[in-house]
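Remarks on the structure that follows.
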Amino acid sequence: MDDTAWIKLALLSQGITASPEFGDWFAGTEGYVRRRNFYNSPNWDESGTSAALPQEIRLTGGRPVVVAVNNYGSSSWQLTWSEAGGPAIVSEARPDGLPIELVNDLASIRGDTDLARVSNLYGGSALSFFSPRACYFFADGTQCRFCSLDGTARENDEYAGRVTPDEVRSAVAAVVATDSLSLNQVMIVGGNERNLDRGFVHQLALVDAATQALADAGLVDEISVHLIAMPPHDLDLIDRLSEVPNVHAGFNLEVWDPDRFTTIAPGKTADYGQANILAALGRLRDAVGPYRAHSILIAGLEPANSTLDGARKLAADGISPIINSYHSDRHSALGLTIRPSYRHLAEVASGLQELHDLYPIQPYWKGCGRNALDYEASLGMFRGSPPDFN
């Protein structure tokens, strides 16, 4: 049995440490994607904050599986390297080790500091733009409790705080001119402006800029544009997405239980409300098409059955659920106080698999969701009984 998808759950639950041998080898390499903390910082160990680590790795097997390198300082899973075997992960559950692949960075980003300032390669195949690199929820003290954007941006200010449509258009054009075969999507995401309508219009302008660059290169049908944002109060603005070819978009619920939603997302509760986000998702589905509208639910922030209740409701309504595993970020309010167990994630993954077998759910991240479970579920990789990786 190909158990790489299940190993991904174990790594997301427990994190990954790096052996000295791996650290020394990786520090001497060139061309692989290093962790670039645009908006999150899931490395707690001293070596994780001071030494270079890969942003994600690919687990090799029947189908390669991308998983984030989240280093919490203690884990039974470790990145290793040897002259004979190359890079691998080992644990008591896999003492023989599992060979891994590292993700190559885009040549265009490696060679252009201006390009690297505004964009990032996410998960090995998504060109990502994060703008604005701030959120008014932090100013109000109502930020989502899992979010570390404010502290991460303060700690690392080498990236653009706000990206313009011209910068997105130029960046996409530059990347596809040299690296188009490495991409399958362009991702637009960011923090929130206090005026949600104005912020959404800005995000739409970035989507239009990326789409235009892809159209100019003749790639608009091959490389999709994906937007995650807060919904606007003026729902008519959502209809503009109906004019964008090959687009996916999402408004994130984060958790399904209404009381837990209030605790986890106080800003979203006060300024929009869970019921209104659901209404906006319905409008989004009508604009972009069934199952091209998405919403994230974060496994580990509520009971597994609650996450799956939400995923079932979304899927039945023609909205593709995105299931992310909660990862502990150093600058978030929750920090390490919550850690989803492997068994919790396996229960969610098994339930998600049933939904993918029942509905035409489309993954938001097409093979590059380093903390997400939906691509693996779309391939049927969570069928059967979970192996014991506790």
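The values are calculated or read from the model by the stated rules, or taken from the named source; none is laboratory data. None of the values given here were measured: they were computed from a predicted structure. Using ideal geometry, Cβ is built from the backbone for each residue, glycine included, and neighbour counts are taken over all protein chains shown.
The condition of being more than 29 Å from ALA107 (Cβ to Cβ) and under 21 Å from the mean Cα position of the chain (by Cα) does not hold for ASN184. With respect to the conditions (1) within 29 Å of SER385 (Cβ to Cβ); (2) among the β-branched types (Val, Ile, Thr); (3) modelled with pLDDT under 90, ILE100 lacks only one, and its number is (3). Considering each residue of the stretch 263-279 in turn, none proves to be assigned to a strand (DSSP E or B), surrounded by fewer than 23 Cβ atoms within 10 Å (Cβ to Cβ) and outside the structural domain of VAL67 (by TED's automatic domain parsing). Looking across GLU354, GLU376, GLU302, one residue alone is charged (D, E, K, R), at pLDDT 95 or above and surrounded by fewer than 20 Cβ atoms within 10 Å (Cβ to Cβ). It is GLU354.
The single condition among (1) surrounded by 14 or more Cβ atoms within 10 Å (Cβ to Cβ); (2) at pLDDT below 90; (3) at negative phi that VAL69 does not satisfy is (2). Within the stretch 353-390, the set of residues being part of a helix (DSSP H, G or I), farther than 22 Å from VAL247 by Cβ and either in contact with a Phe, Trp or Tyr (Cβ under 7 Å, 6 or more places away or on another chain) or of a type in the set (S, T, N, Q) (or both) comprises GLN353, GLU376.
For the condition out of contact with any Lys or Arg (no Cβ under 9 Å at 6 or more places or on another chain), modelled with pLDDT of 95 or more and at positive phi, what is the one hit in GLY199, GLY218?
On the way: GLY199 fails: at positive phi.
None of the others qualify; the one that does is GLY218.
Here is the figure for the stretch 299-332: residues that are among the small types (Gly, Ala, Ser) and free of Cβ contacts under 8 Å to residues at least 40 places away in the same chain total 1. Residues of the stretch 1-22 that are surrounded by fewer than 24 Cβ atoms within 10 Å (Cβ to Cβ), touching a Lys or Arg at 6+ places or on another chain (Cβ under 9 Å) and assigned to a helix (DSSP H, G or I): THR4, ILE7, GLN14. Among the numbered conditions (1) of a type in the set (A, V, I, L, M, F, W, C); (2) in contact with a Ser or Thr (Cβ under 7 Å, 6 or more places away or on another chain); (3) more than 28 Å from PRO165 (Cα to Cα), the only one that ALA279 does not meet is (2). Can you tell me which residue is nearest to ASP329 (Cα to Cα) among those in the stretch 265-305 that are over 21 Å from the mean Cα position of the chain (by Cα) and of a type in the set (S, T, N, Q)? Checked the stretch 265-305; the qualifying residue nearest to ASP329 (Cα to Cα) is THR269.
Scanning the stretch 43-56 for residues that are within 29 Å of ASP179 (Cα to Cα), modelled with pLDDT of 85 or more and either touching a Leu at 6+ places or on another chain (Cβ under 7 Å) or in a strand (DSSP E or B) (or both) turns up at least one hit.
Summed over the stretch 329-380, the residues that are touching a His at 6+ places or on another chain (Cβ under 7 Å) and of a type in the set (Phe, Trp, Tyr) give a count of 1.
Just name the residue that is modelled with the highest pLDDT out of those in the stretch 155-178 that are of a type outside the set (Gly, Ala, Ser) and farther than 14 Å from SER128 by Cα. I'd like the intermediate steps shown before the answer.
Quick first cut of the stretch 155-178, residues of a type outside the set (Gly, Ala, Ser) only: 155-159, 162-169, 172, 175-176, 178.
Applying the additional criterion that residues be farther than 14 Å from SER128 by Cα yields 155-158, 166, 178.
Details: GLU155: 81, ASN156: 78, ASP157: 80, GLU158: 81, ASP166: 97, THR178: 93.
Looking at the filtered set, the residue picked out is ASP166.
Scan the stretch 205-215 and tell me whether some residue there is more than 16 Å from GLY250 (Cβ to Cβ), out of contact with any helix residue (DSSP H, G or I) (no Cβ under 7 Å at 6 or more places or on another chain), in the same structural domain as ASP112 (by TED's automatic domain parsing) and among the aliphatic types (A, V, I, L, M). Yes: one or more hits.
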